[in-house]
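Quick notes on the structure that follows.
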Amino acid sequence: MAWALVKDGNVTTIYNRPKAITLDGIQHPANIFTVWNKATKKAHGIYEYNEVNKSVDSKYYTLGSYSMVVDDAAGTVTKTWEHKEKDLDAIKEQLVAQTKQQAGGTLSSTDWMVIRAAEGGTTVPADVAWHRAAVRTHSNDVEAGINAAADVASLKAYMDGVVAWPTLEDYVAPAPDPAPEPESTAEDYVAPAQDPAPEPEPTANTA
């Protein structure tokens, strides 16, 4: 909680914490800020103080101008900040550099495997090869998204929605090829069942 000392409709002092003050020539201890109720503080010109939009994402904005509203009826003072956009091209340049740096740092941990394979050593493992390719693709996609942003607001929205960088744990090994069917041999031959012998035809009896 913070307070503002108001006189004749104007803010004269901001108190971010309780402290001893002098009002109309009378010294008061710091605890009046917590002991006095709101109506008593208001009667002495002590209003509740609040700042709006004070927090700013410094990657994209700086604090600009502000407006101060004194509400005598409510006994409040509200200071509202405006956010000023930083230069779009400068932000893009910084973000692209950071993206390249992150990609390079990730790839550097397995560069030795690529060098070893290029010099005739062990082949780069499949998961590592996939991961390196995925990191490059992700980096290129992010850089393209950064450069495509038309303004600071859309750039911030894009960066806020960027998915996490791929990791080795994301690798999914391809399913193995099914085992081939065994070739049939003569021993596998099964002769078809023979048709049953026909019933003999009945003959006529002779006297």
Taking the chain, the equivalent ellipsoid from its C-alpha gyration tensor has semi-axes in Å, biggest first, of 83, 33, 17
Here the convex hull volume per residue of the range 88-169, taken over Cα atoms and given in Å³, is 81 Å³
Whole percent per 10 Å bin, from 0 to the bin with the longest distance: what is P(r) over all C-alpha pairs of the range 1-64?
19, 47, 18, 13, 2
Connecting every pair of Cα atoms under 10 Å apart in the chain and solving the GNM, the largest mean-square fluctuation among Thr167, Thr80, Thr185 falls on Thr185
Mind checking the angle between helix 126-148 and the chain's longest principal axis? C-alpha axes, 0 to 90 degrees, to the nearest 10.
40 degrees
The range 88-169, dipole about Cα centre (Lys/Arg Cβ +1, Asp/Glu Cβ -1), debye to the nearest 20
120 debye
Checking Ala133, Ala118, Ala144 against a Gaussian network model of the chain (alpha-carbon springs below 10 Å), the top fluctuating residue turns out to be Ala118
For Ser58 and Val190 in the same chain, what is the full-extension length gain: residue separation times 0.36 nm, less their Cα-Cα distance, in nm?
39.4 nm
Counting only C-alpha contacts under 8 Å and six or more residues apart, can you give the relative contact order of the chain as a whole percent?
12 percent
Along the range 162-178, Karplus-curve 3J(HN,Hα) (6.51, -1.76, 1.60; θ = phi - 60°) to the nearest Hz, with x for Gly and Pro, reads 5, 6, 5, 5, x, 10, 4, 5, 7, 5, 10, 5, x, 5, x, 5, x
Going by alpha carbons, how many degrees (0 to 90, nearest 10) lie between the helix axis of 88-108 and the longest principal axis of the chain?
50 degrees
Taking 0.36 nm per residue of separation and subtracting the Cα-Cα distance, what length does fully extending Asn37 through Ala126 add?
25.0 nm
Percent relative contact order for the range 2-85, counting Cα pairs under 8 Å at least six residues apart, stands at 27 percent
Estimated FRET transfer efficiency (Ala118, Glu169; beta-carbon r; R0 30 Å; 0.05):
0.70
Grab the DSSP H runs of the chain that are 4 residues or longer, score each as -39,500 (n - 2.57), total them, divide by all residues and round the 222 nm result to the nearest 500 deg cm²/dmol.
-10500 deg cm²/dmol
Please report the relative contact order for the range 88-169, taking Cα pairs under 8 Å with a sequence separation of at least 6, and give it as a percent rounded to a whole number.
35 percent
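Every read-out reported here was derived from the displayed coordinates using simple, explicitly stated rules and does not represent laboratory data. Bear in mind that the values here come from a model prediction, so they are computed numbers and not experimental data. Positions of Cβ are generated from backbone atoms using ideal geometry, with glycine treated the same way; all protein chains shown enter the neighbour counts.
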